Amino acid sequence: MTIHRMDHVGIVVEDLAAAVAFFVELGLEPEGEATVGGPWADDLLGLDGVRADIVVVRTPDGNTRVELSTFHSPATTGTAQRAPANTPGTTRLTFVVDDVEDILDRLRAQGAELVGTVARYEDIYRYCYVRGPDGILIGLVEELR
């Protein structure tokens, strides 16, 4: 059995518009949007009465997609924890960017919070983590070589 490629990463958010704005500010491009529901969605998710809005955004090279979704039904039962970055099961999405400080400033205007500091690893890269909408943990890497 062979994996052909990674198709996408899916993230459930409360405020879909805010999440889309955040990822667009990061530099991703909207690819499509839809409302989903019905028996196939119920079967897929193991839930009853699924109705959700989704927006897919992609990196400029077209190789990576992020599916952002918000559920109208069934009602959610809780929220994801804002756990420290070293918590088992914590998901991070990391993007290579031209200028960490520029992106960081732009994302802060979208409500992002810096986790730790912008760190430099030798003369190879500058790297930081930010928390975006709903506590999504995003890595920003600026290659120095």
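Taking residue 134 as the residue in question, decide whether it is charged (D, E, K, R) and closer than 22 Å to residue 79 by Cα.
So residue 134 passes the test.
Might you check whether a residue that is basic (Lys, Arg), surrounded by fewer than 16 Cβ atoms within 10 Å (Cβ to Cβ) and on the phi < 0 side of the Ramachandran plot occurs anywhere in the stretch 62-81?
no
Quick one: residue 42 ticks every box in (1) farther than 30 Å from residue 130 by Cβ; (2) buried (at least 16 other Cβ atoms within 10 Å of the Cβ) bar one, so which box is it?
The one condition residue 42 does not meet is (2).
Could you tell me which numbered condition residue 121 fails, if it satisfies all but one of (1) more than 16 Å from residue 25 (Cβ to Cβ); (2) touching a helix residue (DSSP H, G or I) at 6+ places or on another chain (Cβ under 6 Å)?
It is condition (2) that residue 121 fails.
With in a helix (DSSP H, G or I) and either out of contact with any Leu (no Cβ under 7 Å at 6 or more places or on another chain) or at pLDDT below 95 (or both) as the only criterion, which of 21, 34 stands out?
21
The values are calculated or read from the model by the stated rules, or taken from the named source; none is laboratory data. What you see is a predicted model; the values in this text were computed from it and never measured. Note that we place each Cβ from the backbone using ideal geometry, even for glycine, and neighbour counts take in every protein chain shown.
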